[in-house]
Amino acid sequence: MTDPSHAAPRTLYDKLWDSHVVSQAPGHPAVVYVDLHLLHDGTYHRAFAMLDELGLRVRDPQRAVGTTDHCLPTNTSFTRGIVARDGSVDVVRGLVAACRKHAIRVLAPDDPDQGIVHVIGPELGLVQPGITVACADSHTTTLGAFGALPFAIGTTQVLHALATQCVLQRRARTMRIDVDGALGAAVTAKDVVLAIIARFGIGVGAGHAIEFAGSAVRGMTMEQRMTLCNMGAEMGARAALVAADATTIDYLRGRPSTPRGAAFDEACAHWRTMHSDEGARFDVKLSFDARQVEPMVTYGTTPAMGAPVTGHVADPAEETDAHARQELEAALRYMDLAPGRPISDIPVGTVFIGSCTNSRIEDLRAAASVLRRGKVAPGVRLLVVPGSQAVRRDAEAEGIASIVRDAGGEWGVPGCSLCVAMNHEVAEPGHYVASTSNRNFQGRQGPGTRTLLMSPTTAAASALEGRVADPRRYLSL
């Protein structure tokens, strides 16, 4: 690895990239060192099979951690067919066996640290400023919230990372989005990023590493920053980053995998350099006023098709771009929504609060603050799934699980659950699903399901009213 000295100001991305490039041949991808490799049960199988076929060993098992999450049922009434969490699900058992064979730490279903991969990485202190993190999941962007450089990789790259502790990457262009202004009542990081995507589109970050900056971002907690960066994937970004600061350091202090004592102080000195220098040049700069954001809800089949909860479904006739007009028309046909329909008039049949976007303890506290004020509307199914065993323990100790159950909801055990519908958990066909997850593609939460993305507070309010609801009236009570 090289860490060249530069006189010119550098972006955070430049610093991370420069310090991890092992070699770079002109016209070819760079060989980039991976400090941490996270594995999960949804994408591991072929890479380990190729490793064995080629007679290769894992180069550095200590720099890899596996967890069971994507394919793991959460043992609720949403689970169809296989309901066991003891490793009897083939792909779950396979990940555990493969990791143990190669001396990689793996968080099996019964492990006290088990959870969603993008939740447990930060929670355990594995993700730290200045490192590179590779994971075969598009929402690895989440981890850039720590001033780390995330790589969302494919199966062949998983093999490369296992065998060489390196991946091939092309340098990204850089983008900075300054988000300024105080957030309004009941407005969350999820609302902010949905509003950014609605304004700039799902392709705005293509080929770029996006750095989120500005007063609104500096004022966010680490959990909020992770939500922001998680949705960077929905902007097409190669990576999403936030500079490390005192908030980052406070979050990491005392985590299981962070240094202790003098070593922690030494690490902090390095972590504090993980920011863009004054005057650093970005390829693209955008600005966004967070003061204008209201609770947001998507009504279409991309995260860009969103509006304030007080708004209306867009009218394709008002779209000047022919391709965009056709996409919107197709989306509204699938969603069975008429142009101009009030967002708050859309009924919900299922409400899901969870996923790597919004399943941390702050998210569940926010949802509970609304759910404690009423009962789930008749005919609505509410599922709340904590992102990790640690979150589950905290939530149950705080009474959040009881609030969910008392309101008429179901309390799941940690896993990706209804976010991705690859774990025997699906919503009913035709249901509008009020969801705190990150994607609203056709069939994402089961065949024929219609996903409405929103924040935990908006989802909780919608569960109580049986339709999309403004959470602000509950939080003002």
TODO: Report ³J(HN,Hα) in whole Hz for each residue of region 445-455, in order, from the Karplus equation J = 6.51 cos²θ - 1.76 cosθ + 1.60 where θ = phi - 60°; Gly and Pro get x.
DONE: 10, x, x, x, 7, 10, 8, 10, 7, 6, 7
- [ ] Compute the normalised compactness of the chain: alpha-carbon radius of gyration over 2.2 N^0.38 Å, N being the residue count.
- [x] 0.94
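Taking a ≥ b ≥ c as the square roots of the Cα gyration tensor eigenvalues, with a/c under 1.5 meaning rounded and otherwise prolate when a/b beats b/c, else oblate, which class fits region 233-392? Could the numbers behind the result be given before it?
Working: a/c = 2.92, a/b = 1.45, b/c = 2.01.
Because a/c hits 1.5 or more and a/b fails to exceed b/c, region 233-392 counts as oblate.
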- [ ] Please list the non-local residues whose amide H lies under 5 Å from the amide H of L452, H modeled 1.01 Å from N, same-chain partners needing a gap of 5 or more.
- [x] V433, A434, S435
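Using the number of other C-beta atoms within 10 angstrom as an exposure proxy, rank L168, L143 with the fewest first.
On the way: L168 15, L143 33.
So the residues, fewest neighbours to most, are L168, L143.
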- [ ] Excluding G42 itself, calculate the net charge of residues whose Cβ lies under 10 Å from the Cβ of G42, where each Lys or Arg counts +1 and each Asp or Glu counts -1.
- [x] -3
- [ ] Under 20 Å Cα to Cα from K15, which aspartates and glutamates show up? Leave out anything in the same chain fewer than 8 places away.
- [x] D3, D35, D178, E211, D245, E266, D277, E278, D283
Task: Residue-count net charge about E318 - beta-carbon cut-off 15 Å; Lys, Arg +1, Asp, Glu -1 - done: -3
- [ ] Provide the descending list of Cα extents for region 299-475 along its principal axes, expressed in whole angstroms.
- [x] 53, 35, 26
- [ ] Take each of the peptides 144-151, 209-216, average the number of other beta-carbon atoms within 10 Å over its residues, and list them starting from the highest.
- [x] 144-151, 209-216
Task: ³J(HN,Hα), Karplus 6.51/-1.76/1.60, whole Hz, each residue of region 307-312, x for Gly, Pro - done: 8, x, 4, 8, x, 9
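Among residues other than D178 whose Cβ falls under 11 Å from its Cβ, what is the net charge (Lys/Arg +1, Asp/Glu -1)? The partial results should precede the final answer.
On the way: positive: R176, R218, K285; negative: D180, E211, D289.
That sum, taken over residues with Cβ under 11 Å, equals 0.
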Open item on the list: Can you compute the helix-only [θ] at 222 nm over the chain? Use -39500 (n - 2.57) per DSSP H run of at least 4 residues, normalise by all residues, nearest 500 deg cm²/dmol.
Closed with: -8500 deg cm²/dmol
- [ ] With θ set to phi - 60°, apply the Karplus curve 6.51 cos²θ - 1.76 cosθ + 1.60 along region 37-42 and write out the HN-Hα couplings as whole Hz, x wherever there is a Gly or Pro.
- [x] 10, 9, 10, 9, 6, x
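How do 235-245, 375-385, 38-48 rank on mean C-beta neighbours within 10 Å, highest first? Let's see the in-between values first.
Values: 235-245: 25.3, 375-385: 20.5, 38-48: 22.4.
Highest-to-lowest ranking by the protection proxy: 235-245, 38-48, 375-385.
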Task: For V297, distant residues with modelled amide H under 5 Å away - done: A307, V309
TODO: List the residues whose amide H sits under 5 Å from the amide H of E211, counting only those 5 or more places along or on another chain, with H placed 1.01 Å from N in the peptide plane.
DONE: M175, R176, I177, L241
- [ ] Pick out, in residue order, every one of the chymotrypsin sites (Phe, Trp or Tyr not before Pro) in region 373-477 that is DSSP loop and has at most 13 other C-beta atoms within 10 Å; say none if there are none.
- [x] F441
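Need one word for region 15-121: rounded, prolate or oblate. Basis is the Cα gyration tensor (sqrt eigenvalues a ≥ b ≥ c); a/c below 1.5 gives rounded, then a/b vs b/c decides.
Values: a/c = 2.42, a/b = 1.93, b/c = 1.26.
Note, shape of region 15-121 comes out prolate.
Read the figures in this text as sums done on the coordinates, not as results from a lab. Since the structure is predicted, the reported quantities are computational estimates derived from the model, not experimental observations. Note: ideal-geometry Cβ built from the backbone for every residue, glycine included; neighbour counts use all protein chains shown.
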